[in-house]
1. Would you check which residues across segment 156-172 are within 15 Å of the chain's Cα centre (by Cα) and within 16 Å of the ligand (Cβ to nearest atom) and list them?
2. Across segment 88-103, what is the total count of residues that are more than 14 Å from the ligand (Cβ to nearest atom) and more than 17 Å from ALA8 (Cβ to Cβ)?
3. In segment 1-14, which residues are within 13 Å of the ligand (Cβ to nearest atom) and free of Cβ contacts under 8 Å to residues at least 60 places away in the same chain?
4. In segment 209-240, how many are at positive phi and more than 6 Å from the ligand (Cβ to nearest atom)?
5. Taking THR176 as meeting all but one of (1) buried (at least 19 other Cβ atoms within 10 Å of the Cβ); (2) of a type outside the set (A, V, I, L, M); (3) within 12 Å of the ligand (Cβ to nearest atom); (4) in a loop (DSSP other than H, G, I, E, B), write down the number of the exception.
6. Return the pair list, or none, for Cβ contacts closer than 7 Å from residues in segment 127-138 that are within 12 Å of ILE192 (Cβ to Cβ) to residues that are part of a strand (DSSP E or B) and basic (Lys, Arg), at least 6 apart or on different chains.
7. Looking at segment 61-104, which of its residues are β-branched (Val, Ile, Thr), touching a helix residue (DSSP H, G or I) at 6+ places or on another chain (Cβ under 6 Å) and either more than 16 Å from PRO46 (Cα to Cα) or crowded, with 20+ Cβ neighbours inside 10 Å (or both)?
8. Would you mind telling me which numbered condition in (1) of a type in the set (A, V, I, L, M); (2) more than 19 Å from the chain's Cα centre (by Cα); (3) within 16 Å of the ligand (Cβ to nearest atom) LEU17 fails?
Amino acid sequence: MSRKKIVAGNWKMNTDLSQSIDLINQLKIKTKQFSHIEKIIFPPFPFLKTASDSLANETNFFVGAQNCSQHIKGAFTGEVSAEMLNAVACKFVLVGHSERRNFFNETDEQLILKIQQAQKNKLTVIFCFGEKLEERKNNKHFETVKQQIEMVLKNFSATELATIYLAYEPVWAIGTGETATPQQAQEMHAYIRKIIAQLFSNAVAEKINILYGGSCNAQNAAELFSCADVDGGLIGGASLKTDDFCKIISSF
Ligand code: PEP
């Protein structure tokens, strides 16, 4: 089955306003020939409106937020609701990124609520998960990933899953320069599809988009993207450099 090809750039807490405008303007020009690839950028909150205005007329090029609140509205100082993201034309939101899980102690219960809020506000979720180094060393990576997926996704229907992409991001590979080998990525992605088939159906598993994330760059993207069950990448560091990000987009 042929699935979409997707490249997403997680800018994290990087760029200032002029750098983000510059990056977007360059990407608009340099990715014109890749309209068949779904491109998503995740700038910091204050730059989302500028980004979505700038990309409003682009083909297959969207803006997402790096996080959203689990709450609808109210006295939650510092939080940003899914409704607010929808109001500034965000189409995507990251949920469960390891930096949110590990530095901000986000729990499965919170992730479920965040996905519910995202779905109520028409945002496609990129649900992230992945094992830590210790877990891989102890051969617990499959078990960890299975649990992370099941604990959250068992609360959603097959119809709801249609607006969720998955991102396998081994924590030991994020920002470390150490990438999963194509064999490791393919093995895990195939396993993830098996879990989804068990939770939902073979048809749902075949259809769901699964991205790889973790030190994916201009040099290794082609090999990773050539794996049968890898539908694209969630890119951190390399998404901040126009030429590198474009090279990754051209790697399919
Ligand atoms: C990420 O933060 O999602 C990520 C994949 O980062 P990096 O590409 O820098 O490892």
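1. Within segment 156-172, TYR165, LEU166, ALA167, TYR168, GLU169, PRO170, VAL171 meet the criteria.
2. Counting residues in segment 88-103 that are more than 14 Å from the ligand (Cβ to nearest atom) and more than 17 Å from ALA8 (Cβ to Cβ) gives 1.
3. Once the filter is applied, which keeps residues that are within 13 Å of the ligand (Cβ to nearest atom) and free of Cβ contacts under 8 Å to residues at least 60 places away in the same chain, segment 1-14 yields only MET13.
4. Total meeting the criteria: 1.
5. (1)
6. Nothing qualifies.
7. Of everything in segment 61-104, those that are β-branched (Val, Ile, Thr), touching a helix residue (DSSP H, G or I) at 6+ places or on another chain (Cβ under 6 Å) and either more than 16 Å from PRO46 (Cα to Cα) or crowded, with 20+ Cβ neighbours inside 10 Å (or both) turn out to be VAL63, VAL93, VAL95.
8. So the condition that LEU17 fails would be (3).
Just so you know, all these numbers are worked out from the coordinates, no wet-lab data involved. What you are looking at is a predicted structure, and each value in this text was computed from that prediction instead of being measured. Methodologically, a virtual Cβ is constructed for each residue, glycine included, from the backbone with ideal geometry; neighbour enumeration extends over all protein chains shown.
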